[in-house]
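One structure below.
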Amino acid sequence: MTRSVPAKEPVLPGGPRSGGHRRGPVDGGPPFRKPRWSKAYAFGLVTGAMFLFAWAGQFVFQLMAETSQAEQHGQSFSWGDFLAQFLASTFENWQSEFLQLVWQAAGLAIFYYWGSSQSRESDERIEAKLDALLRDRNIDPARP
C-alpha cells in the first residue's frame, strides 16, 4: 500500500505563517521564475547601446570637422583642444536635453495635479459624450 503525500503549494520566503503568498498562477502552474538578466534589463541595454553609438558618432564627426578646420587654417591638430571642445559640446547637448525632459515630466505632473484642461476633462463634457453615445443607440439619456 503506497501512501501519497499531497503536493504543497510553493510560498514566498518566510513560510505561510509569516504572510507568504503562493507563487505562480492561480491554476497551480509553475512557480514564478526570474527572467534572464539580458531580458530583464533589455530596455536599459538597448538605450545604453544607442547612447554609446550616438556619442561615438558625435566624437567621430566632430573629430573630422576639427581636423578639417585645423588643416584649412594651416594649424596642427591638438587633442587637448579637441577634447575640451568635445566635452563642452557634449555637456551643452545633455543640459538642453535633460532640461527639456525634466520640464516635460515635471510640468506634466504639475499640470495634471492642478487639473488643467489638457490633463482632465470636465464632468459636463464627459456627461455630454455619454448622452451622445446613448442617443446613438436610441436610448433616452433622461430616463435611466
Global geometry of segment 55-139, whether rounded, prolate or oblate, following the gyration tensor of its Cα atoms and the 1.5 cut on a/c: prolate
task: Just subtract the alpha-carbon distance of Ala109 and Thr90 from 0.36 nm times their residue separation and send over the number in nm, one decimal.
output: 4.0 nm
Inter-label distance, nm, simple model (7 Å from Cα along the C-beta direction), Val60/Lys34: 3.7 nm
task: Pull out the extension gain between Ala142 and Ala49, defined as 0.36 nm times the separation in residues minus the alpha carbon to alpha carbon distance; nm, one decimal.
output: 27.6 nm
query: Considering segment 36-77, what Rg and Dmax in Å follow from its alpha-carbon atoms?
result: 17.2, 55
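Any read-out appearing in this document is the output of simple, stated calculations on the displayed coordinates, not a laboratory observation. It should be emphasised that the depicted structure is a prediction, and the values quoted were computed from it without experimental measurement. When we count neighbours, we look across all protein chains shown, and the Cβ atoms used for this are built from the backbone with ideal geometry, even at glycine.
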